[in-house]
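Novice: Sharing a structure with you now.
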Amino acid sequence: MFANDEVPTESLPVAERVDWQPLHPRFAQRLQAGVLLRVLVFAGVGAALHYGVATGGMAGLARAAHLLSTTAWTVFGALSLWALAWPAIAVRFRGYAVRDRDILYRSGVLWRSVRAVPFNRVQHTKTDSTPLDRRFGLANLSIFPAGGGAHKIRGLGGETAERLRAFVSARIEAETPETTDSDVGKPA
Amino acid sequence: MASRPDFGVWRRTSPFAIAFFLGATIKAVAGSYIQLVASFGAIAYLTRFDFLSRGGSLGWAVLLAVLAIGAAALLRYWFFRYRLEEDRLLIRQGFVKRTALDLPFDRVQGINVERSLVDRVLGLVTVRLDTAGTAAAEGWLPAVRTELADWLRTRVDHGQRRRRLGDDDGEERRRRPVDEAAPGAAGIPELQAGTLVPATGRVLVRLTNGDMLRIGLADRKALVLAGALAALAQAAEPFEDAILGVLGRLQTAVADFGTYSQATAIVLVVFATLLVLFLAVVISAFLRYHNFTLWRRGTAFRSRGGLLTQKEVVVETAKIQQLKLSRNLIQRWLGRYRFEALPAGAIPVPGSVGPGNLEIAENLTVPLLDGSVAETMRSQVFGAEATGLTLLPASPAFKRVSPYYVRAVMLRTAAVPILGGAVFTLGQWGPAAVAGLPFAGWCLLWLALSGSIGLQSWRRRGYLHDDEGLASRQGLVGNRVDAFLFRKVQGVTVKRSPLQRRKGLATLEVHLSSGIVTVPCIARETAAELRDYILYKVESSRLPWH
């Protein structure tokens, strides 16, 4: 175990005991809207296929496929309903917490994870938003640590995202090794 | 010093940037739609679509596509703005998906400049800012004035020099002149002269010709090739008669062989094939590692080897993020290991465009070495830090993970085959057969198999840490140990599956600039403590991580 005399483990800040900030209240609706759009597109394609087979002079095929298409539509319907309901559940399990020296993000309903990224390892930050995001007044914040793997927080309010980005940028600055002290600038 | 540009104003780049965006758009379109176009072409060919009689509509389609690409390039140019601040560069771009990029100069690793012919005539340049993150392709400033590029370069260089000097990477570094402290800089001038630096300094590994045989033996490619050949032999079954016929003729041709049976001939052929395979991998080992030498000079590790093209790898000790020691079954028999030192990924070294046989920021690989040499390498790389770690998988210092790991592995390996078998049985013989003997046998087989896999993986899993670093061990047939220093960590994730939550366990995932190291199924409190401790080490560290 830790044989650490200088900093006893009990006195370390515990990442579990933070106030988790929820995502924007409209984020679940935004995800549902996205799912709905996709479901409508798939349903349209499916209906066109169905109609084509039924009236395309291939009555034999249509009869043979009758059972298959009923099953397919039932499964499609069930999956769509599930996909529409899921964001309302999943979003509740996501959240973030900004501490003085790092940012935490938790997610997952069954498989839960908590990721922590220290500010002094962040390379740069980015906010972005799709048209659908903007319709709901949302934006996403990406934090890039070195060596790949953007740390993305989706579903923040537009202003919150911008404020957070500015804050993280300021923290990056503050965490950059101090260069003004001692003998710096005197190379030899 | 270049002239000072305006600060705090959002600007567009010059209209000549449209050419850049046009190129980028065409590249993106070609990248994603070339397959689509190819498949359409194939369909048109198969259905004998008459292009000539419908040439008109095709022409319109091409014109429309060209116009769309042009419009996209124009829009991308119009929505691209950048703003200079005293200490950072801000870029806003996109018209459908808007992005805002924030690049503090201190985080920029290098500035690359490209000039097309048009750029050269007009005195413009395209600047690419390399950051250590993934957004390497995002920090583009197309078609800006040369003065701005110069200013950016001096600004970034200045920041880097300041950073290097400010970092307390040992007294040694501070005492040296600035230029020598820059990574790679020590090696490049000598190599540009066209001569290779002799292996001076401390030689750590030197491989002999006998080692080439061992590397060839342990080469995984040989196993893969043998497997592929076996599969090929299976597929060649229909031709067996023909092959046997040829062999028969051979037999009659060579009188002495007349007495041998056909089976002997086949065994001979298999043996010969294996011999050829072995020769091939040994030759490839010679080509890659002939006269392989690894030595340490100053603050960098250098390795050189190869028969025809000599390859030299230079890795700065400070850049190494992770050490990896592994051995497969054959290396186990030989009592040797394979060692890799992984430097920070995606961090371009300034001036890495060196002569052809020098490659920087690559993995430092030693294909064959003793355990004791591996331990020397570890202490050389980690220095006075993390002395409690070991890279040797047999070390008793490794702690086991929770036995529930066996169950997790079993769930992962057996669930799909058993479910698939159930569905197959249901479909083939109806519900009654699920209770039947064949399906029960199938389930038992998979449970036994996944159980032994799980048990073996659990035995090989382990972790070990002291105050400054962690080593993680894993394996099924072979072994592998990954070790790293806490202060080089980029992020930590604690994950909990439903099973782990029931049993009070968690998986610790440590993100490094060179990859991810995982410690699965340890007590939840241990994972949380380790996470908090690693975060503390990273956040309080004043040392540079690369």
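Novice: I'm checking my understanding of the structure. Among residues of segment A:137-152 that are buried (at least 18 other Cβ atoms within 10 Å of the Cβ) and touching a residue at least 24 places away in the same chain (Cβ under 8 Å), which one is farthest from the other protein chains (Cβ to nearest Cβ)?
Specialist: A:LEU138
Novice: Any residue in segment B:208-227 that is modelled with pLDDT of 85 or more, exposed (fewer than 14 other Cβ atoms within 10 Å of the Cβ), out of contact with any His (no Cβ under 9 Å at 6 or more places or on another chain) and among the basic types (Lys, Arg)?
Specialist: For segment B:208-227, residues modelled with pLDDT of 85 or more, exposed (fewer than 14 other Cβ atoms within 10 Å of the Cβ), out of contact with any His (no Cβ under 9 Å at 6 or more places or on another chain) and among the basic types (Lys, Arg): absent.
Novice: Here's something else I'd like to know. Being within 12 Å of chain A (Cβ to nearest Cβ), in a helix (DSSP H, G or I) and out of contact with any Gly (no Cβ under 7 Å at 6 or more places or on another chain) narrows it down to one residue among B:ALA433, B:ALA527; which is it?
Specialist: B:ALA527 is the lone residue from the list that is within 12 Å of chain A (Cβ to nearest Cβ), in a helix (DSSP H, G or I) and out of contact with any Gly (no Cβ under 7 Å at 6 or more places or on another chain).
Novice: Pull out all pairs, ordered by first then second residue, where Cβ-Cβ is under 6 Å, the residues are six or more apart or on different chains, the first lies in segment B:415-442 and is over 22 Å from B:ILE453 (Cα atoms), and the second is surrounded by 11 or more Cβ atoms within 10 Å (Cβ to Cβ) and modelled with pLDDT of 80 or more.
Specialist: Final answer for the pair search is B:THR425/B:PHE439; B:ALA433/B:THR425; B:VAL434/B:THR425.
Novice: Sticking with this structure for a sec: Tell me yes or no: at least one residue of segment A:125-136 is modelled with pLDDT under 95, basic (Lys, Arg) and assigned to a strand (DSSP E or B).
Specialist: Scanning segment A:125-136 turns up at least one residue that is modelled with pLDDT under 95, basic (Lys, Arg) and assigned to a strand (DSSP E or B).
Novice: Listed residues A:LEU104, A:LEU110; which is assigned to a loop (DSSP other than H, G, I, E, B) and within 14 Å of chain B (Cβ to nearest Cβ)?
Specialist: A:LEU110
Novice: Mind checking which residues of segment B:30-63 are among the aliphatic types (A, V, I, L, M) and either within 30 Å of B:GLU85 (Cβ to Cβ) or at pLDDT 75 or above (or both)?
Specialist: B:ALA61, B:VAL62, B:LEU63
Novice: Give me the pairs, please: first residue somewhere in segment B:483-494 and within 7 Å of chain A (Cβ to nearest Cβ), second residue anywhere and crowded, with 23+ Cβ neighbours inside 10 Å and of a type in the set (Ser, Thr, Tyr), beta-carbon distance under 9 Å, and either six or more positions apart or on two chains.
Specialist: Here the result reads B:GLN490/B:SER513, each pair linking segment B:483-494 to a residue that is crowded, with 23+ Cβ neighbours inside 10 Å and of a type in the set (Ser, Thr, Tyr).
Novice: Going through segment B:530-544 one residue at a time, which ones are crowded, with 18+ Cβ neighbours inside 10 Å and at the interface with chain A (Cβ under 7 Å from one of its Cβ atoms)?
Specialist: Hits for segment B:530-544 are B:ARG531, B:ASP532, B:TYR533, B:LEU535, B:TYR536, B:VAL538, B:GLU539.
Novice: For segment B:497-524, what are the residues that are more than 7 Å from chain A (Cβ to nearest Cβ) and in a helix (DSSP H, G or I)?
Specialist: Hits for segment B:497-524 are B:LEU499, B:GLN500, B:ARG501, B:ARG502, B:LYS503, B:ARG524.
The values are calculated or read from the model by the stated rules, or taken from the named source; none is laboratory data. Keep in mind that this is a model prediction, so the values were computed, not measured. All Cβ positions, even for glycine, are placed from backbone atoms using ideal geometry, and neighbour counts span all protein chains on display.
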